[in-house]
Amino acid sequence: MTTTTDHHDHDHEHHGPAKGLTRWIYTTNHKDIGTLYLWFSFAMFFLGGLFAMVIRAELFQPGLQLIQPEFFNQMTTMHGLIMVFGAVMPAFVGLANWMIPMMIGAPDMALPRMNNLSFWILPFAFAMLTSTLFMTGGAPNFGWTFYAPLSTTYAPPSVTYFIFAIHLMGASSIMGAINVIATILNMRAPGMTWMKLPLFVWTWLITAFLLIAVMPVLAGVVTMMLMDIHFGTSFFNAAGGGSPVLFQHLFWFFGHPEVYIMILPAFGIVSAIIPTFARKKLFGYSSMVYATSSIALLSFIVWAHHMFTVGIPFAGELFFMAATMLIAVPTGVKVFNWVTTMFRGSLTFETPMLFSIAFVVLFSIGGFSGLMLAVAPADFQYHDTYFVVAHFHYVLVPGAIFSIMASVYYWLPKWSGRMYNETLGKTHFWLSFVGVNVTFFPQHFVGLAGMPRRIPDYSAQFADINMISSMGAFLFGASQLLFLFVVIHTIVAGKKAPAKPWEGAEGLEWEVASPAPYHTFTTPPKID
């Protein structure tokens, strides 16, 4: 793909950002809004991480050490909600805002005012959710899956605030998804055909359709909860003729695609970084597009594999088991393509590449344990144990979060115009890599041995592994302070970055200066 860029952008530099706080409140610039999303998700990452530290401190030894069981339940719930809805999803939306217009040669997102609104809803939603910690009865305590009747009949009074917060987050996500779709469909530069789109753009386009399909289901579920709690209905109340199992069907129809919402953009990020540092084109580009689409479609027909133990019919178990295993095929295609891209490449191991390779290896471990959970007879053994905790944390921490860290190191020179310190970056990687594995790998064994999740106390036989797991968590948590330092140090005192700091990088974003001008591609580039 060759491009021709008209350099008229300097003519528009006098239309720079507004001064002071109002720049950030009223901004419709995609880069500003991307920055807001990324800093917000960073803050939520530390808040959710703080809750995780409380959990692991309590589990450091058997017996009740620091907090009461009621507060422990609030911590597990808030940790899950903050990390899923406050850290991972807004980080990917921030990356989409920053990178999609620059990758497709568009001057901005298609609907900039809605873009501003979709961000500024989020701080209010999470302020409301976090404020429940100080309310009578405490914060939500029913787990991030908020199964009924725990979240209806037995919920604390703050559940109503939780429901409103979820509605706001959903509205924000839907607006963001509409914006991404409208931008990609309508604002691609001339010559940017579908099969020339960067993989990150493709994965986000598919993710946006997933969001629009499943977020209304989540809104419907929490609205039904609201009706059960305040208006006397019995959607999920067996005593009134309803069914708690209905809640699980609806929740997981949203919840399983949600997992892919948090991982498909990560596939796009890794598909950009690995070819750059292997100095080769991505192997099997078109198969990556079709594999991503297949994963998204299959994600709609596997939701009941989360529910084998509730007593679904045998034929249903067989169907959902087989459908779940089918997802391994397109996922395997992706892993094969990444490994083949690296094969015989001129590899170098800068920090973004290290995070990307760790992503491929550790996400594959999470994928394999997912296949184990998909086997219905075996799932009865693993269900609600620490094996499940280990599985989804291997998917989401070295999966989603490592990819976000890789993207920050990869694109930070473009965003800030400055290079990060490579030694500090690699130190952060190795501390994170060791911390993640020491935390979560032993949890496979303690889960197989029968330790249930979401409990503040446990049998003495699990003590050693829990102590190791907590020490790993403290290491991982502390290493993120180094990450924050690296980012701030880069912005304040990093060396000046060239327009294209990575030798093997390709794409329109590397054809503009670093830092990227406030307005880019006011004249669309021509792509041959």
Here are the criteria: (1) touching a Ser or Thr at 6+ places or on another chain (Cβ under 7 Å); (2) not in a helix (DSSP H, G or I). Tell me which single one H428 does not satisfy. (2)
Test: I178 is at pLDDT 95 or above, open to solvent by less than 50 Å² (accessible area, probe 1.4 Å) and not polar (S, T, N, Q): no
I need a count of the residues in the stretch 401-424 that are over 27 Å from G366 (Cβ atoms), of a type outside the set (A, V, I, L, M, F, W, C) and part of a helix (DSSP H, G or I). 5
Quick one: in the stretch 157-175, of everything that is farther than 20 Å from A87 by Cα and in contact (Cβ under 8 Å) with a residue 24 or more places away in the chain, which residue is surrounded by the fewest Cβ atoms within 10 Å (Cβ to Cβ)? T160
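Every residue, every condition in (1) in a loop (DSSP other than H, G, I, E, B); (2) touching a helix residue (DSSP H, G or I) at 6+ places or on another chain (Cβ under 9 Å); (3) of a type in the set (A, V, I, L, M, F, W, C), yes or no:
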site: T152; (1), (2), (3): yes, yes, no
site: P156; (1), (2), (3): yes, yes, no
site: T160; (1), (2), (3): no, yes, no
site: I166; (1), (2), (3): no, yes, yes
site: G170; (1), (2), (3): no, yes, no
site: I174; (1), (2), (3): no, yes, yes
site: V180; (1), (2), (3): no, yes, yes
site: L185; (1), (2), (3): no, yes, yes
site: P190; (1), (2), (3): yes, no, no
Within the bounds of the stretch 202-216, is there any residue that is open to solvent by 60 Å² or more (accessible area, probe 1.4 Å) and over 30 Å from S131 (Cα atoms)? yes
For the stretch 63-98, name all the residues that are hydrophobic (A, V, I, L, M, F, W, C) and free of Cβ contacts under 8 Å to residues at least 40 places away in the same chain. L66, M75
Hits in the stretch 460-502 - residues which are among the small types (G, A, S), surrounded by 17 or more Cβ atoms within 10 Å (Cβ to Cβ) and either at positive phi or out of contact with any Gly (no Cβ under 8 Å at 6 or more places or on another chain) (or both): S469, S470, G494
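Yes or no, residue by residue, for (1) buried (at least 17 other Cβ atoms within 10 Å of the Cβ); (2) modelled with pLDDT of 95 or more; (3) under 22 Å from P377 (Cα atoms); (4) among the basic types (K, R):
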site	(1), (2), (3), (4)
P265	yes, yes, no, no
I269	yes, yes, no, no
T276	yes, yes, no, no
A291	yes, yes, no, no
H306	yes, no, yes, no
V310	no, no, yes, no
F314	no, no, yes, no
F336	no, yes, no, no
T341	yes, yes, no, no
Quick one: how many residues across the stretch 425-436 are touching a helix residue (DSSP H, G or I) at 6+ places or on another chain (Cβ under 7 Å) and open to solvent by 10 Å² or more (accessible area, probe 1.4 Å)? 5
Under 6 Å by Cβ, and 6 or more places apart or on different chains, what pairs join a residue from the stretch 299-316 that is of a type in the set (A, V, I, L, M, F, W, C) with one that is open to solvent by 50 Å² or more (accessible area, probe 1.4 Å)? W303/F253; V310/V245
Subset of the stretch 352-391 (residues that are assigned to a helix (DSSP H, G or I), among the β-branched types (V, I, T) and farther than 18 Å from F336 by Cβ): V388, V389
Which of the following residues is of a type in the set (A, V, I, L, M), over 20 Å from H256 (Cβ atoms) and open to solvent by 20 Å² or more (accessible area, probe 1.4 Å): V388, V361, V375? V361
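The values are calculated or read from the model by the stated rules, or taken from the named source; none is laboratory data. For clarity, every value in this text was computed on a predicted model and none was experimentally measured. With ideal geometry, Cβ positions are generated from the backbone for all residues, glycine too; neighbour counts draw on all protein chains shown. Remember, those area values only see protein heavy atoms, side chains included, never the ligands or the DNA or RNA. Shrake-Rupley method; radii C 1.70, N 1.55, O 1.52, S 1.80 Å.
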